[in-house]
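The values are calculated or read from the model by the stated rules, or taken from the named source; none is laboratory data. Everything numeric in this text was worked out from a predicted model, so none of it was measured. Cβ: placed from backbone, ideal geometry, glycine included. Neighbour counts: every protein chain shown. What goes into the accessible areas is simple: the full protein's heavy atoms, side chains included, and nothing from ligands, DNA or RNA. Shrake-Rupley method; radii C 1.70, N 1.55, O 1.52, S 1.80 Å.
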Amino acid sequence: MAVPDVPHAPRRRRSALSLPPAPAPIEPRQSPRELLLRSWPGRLFLGSFALKVLVSIWRAAAGDLPAIGQALGGVATIGLILSLGIFVWRLFVLIKRRLLWRVRRKLILSYIFMGVIPSLLILVFFLFAGSLIFMNVCAYLFKDGYDKVLDDARVASLAAATEIDRNPDAAAQTIERVYRIRGKDYPGLSIAYLTPDGTMWTMGRWDHAPPPDGPPAWLKDDTFAGAIALPASQTPGDAELVVRSAVKVGSNGTRGIVIADIPIDDQVAQSLHDRTGVRVASVTIDSDAARASAPANTGGLFGRSMTQLEYVDWDTGRLSRATLLLTYRFGELYKQLSNAQNFVVRGMRLGDALVLFVVFVACLFLIIEAVALVMGLALARSITSSVHELFMGTERVRQGDFTHRIRVRSRDQLGELADSFNQMTGSIENLLQTAAEKKRLEEELRIARQIQMSLLPRGPLDIPGLTVTALCVPAREVGGDYYDFFPMAERRLGILIADVSGKGTSAALYMAELKGLMLSLSQIHQSPRQLLIEVNRIISENLDSRSFITMTYAVIDLGAGMMTFARAGHTPMIYLPAPSSLAPVARILTPNGMVLGLRIPGAAERFSELLEEDRLTLRSGDVIVLYTDGITEAMNSASDLFGESRLSRIVEEHGHLESGELRERILREVEAFVGAADQHDDMTMILLKVEPAAVVKQEVAV
């Protein structure tokens, strides 16, 4: 809300007793020469500098200085340090005074210390913590995918061993069937069945390693599933992981053993990448080589991670760890990160070590945040204390104590602002009351608009053979336009459109009264003419002498294909017949009738004499438009009216459209014609379109 300009009151002369205390004199600025020659720090600096020069000449001439010479040199050094410290302090005070004189700069510095610095620290902290989370997520997702490959290898070998134990003679067919099923997912799958007498059946390439000759001596269990490591290149430490599953056939392997290998080759790695978003960059089985190459290969915390997997030496059964360098993409977080991160550094898991480091960094950041907060609060206090004095002084002035003077002790922009506040008088209570009253009235009008809109028909209106579309746009919060539908027996429908003279709350109240009358009379009088006569008789007794109502009421009998209507001084009705061999031409239907509610002698008799009732035969495709004068009398910036002829032409050109589309077309034409001009009257419209006998729902736009 804009506050109106208030003329300044004439400035009154102050007495000597009411004058505010004189401000402290401002220290005159000193030139560098005056600062050196007329101040004791400057003289101390010059004296110490001269003594230092003399001591230096004495040392150059005599070599070693006696005790007195060394003492003089020490005194000169202390004097230089003391004088330079004083100058630096004065320079700091001067810079601080000039920098913090403006309130804006104080607020900026307060924001930097209280908002920017903590935000940056928190951002850095969360970035670092996020990188740790993603590293653990990467390890977890890879382990989950690796466990899936391990389970598939175990299932393949177990299925083959179970089937061979059941039917040993079909061992070759069993190996071939299992390979055919699992080989679709793992093209590098290799399966072998070794009998106790040395016979071997194999399927797959077995190009990563030759099939084992038999079960190793260390394998005591009936099943085994794990990884083995094979040298991958000439680089020391590089290896290729192979997922191997071995299942003994029969009791304690009496019928042999089934071995299934799935190399973690490029195809399996690509499958893991597609499923988990993690790719294996390298595999190292030499711990020393892994530690040496880790800083060069990780490339930072983002995008890469490291984990370790246990593998077994197939010949000896010795367990070792292989270090995997993983590259990843950001995915969904997971809950148990530490279970997937198994990289061990000096007896401590890497995840635990990084968590401790994060806690240390968080504590460090909290200390920095506390220091920044204290500095920000100190700056904010210097502002808020002055603002508080200004506020208290303003409160005293608002209460009528014009002798009170604001005393702000800070020598900055707020100090100069205090003198301006000492001259301010008056009160803003009336403005606040006006604003509150306006807000209350706006709220009441908003509620009145909701109530008025609730009086208009809403929801579906199922009328077989008729499409009904309506629109109501009040010019103000509430308006005087009204339309309604009254379903009757035997496929008959009453349709009403009315316009109460004037706009605003009075028109809305008369509209509500009219709705009550129509709800009761529409069920009694079947003739539109008789209904309007009775409405005029009742409402003329209650309507203000300066008000009146225009209305058109029609009854549509879909069974007989007939519409009976009467017009009480309302705008004409537009009728567009169904298309035939010739282009349809819109007709303006204007039966005689005068307005409702006139409180003049003989108005009731004259109303009955002039009111005519007309009938119209309906056919499929007919279009009927009822509207208020807010449509045809819509004015543009040049005060030109939209007009009935323009509305009729639009109905002729676009009458073939659906009723909802025709309504939107008319609205767009009215809006384009009006342009930037204000809406001066309520706009209400009802579109009726006769359709084949099918259920069509009403569309109402408010």
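Expressed in Å, the radius of gyration and Dmax of the Cα atoms of the range 75-187 are 37.0, 109.
Could you look at the range 567-606 and say what percent of its accessible area is carbon and sulfur, using a 1.4 Å probe and all protein chains? Each step should come with its number before you reach the end.
Values: 1190 of 2050 Å².
For the range 567-606, the apolar C and S fraction of the accessible surface comes to 58 percent.
On the basis of the beta-carbon distance and an R0 of 51 Å, F391 and W58 show a calculated FRET efficiency of 0.20. Based on alpha-carbon centroids, what's the gap between the range 142-197 and the range 461-529 in Å, whole number please? The range 142-197 and the range 461-529 have Cα centres separated by 81 Å.
Fraction of C-alpha pairs exceeding 24 angstrom in the range 582-694: 41 percent, rounded to a whole number. Neighbours of V242 by Cβ distance under 13 Å: Lys/Arg scored +1, Asp/Glu scored -1, total -3. The relative contact order of the range 488-586, computed from alpha carbon pairs under 8 Å that lie at least 6 residues apart in sequence, is 34 percent. Site pair W89 and S608 shows an inter-label distance of 10.9 nm when each label is modelled 7 Å from Cα along Cα→Cβ. Whole-Hz Karplus values for the range 56-71 come out as 5, 5, 4, 5, 5, 7, 9, x, 6, 8, x, 4, 5, x, 5, 5 Hz, taken residue by residue from phi with 6.51 cos²θ - 1.76 cosθ + 1.60 and θ = phi - 60°; glycine and proline positions read x.
Among the protein heavy atoms, those of R476 account for about 130 Å² of accessible surface (1.4 Å probe, every chain in place).
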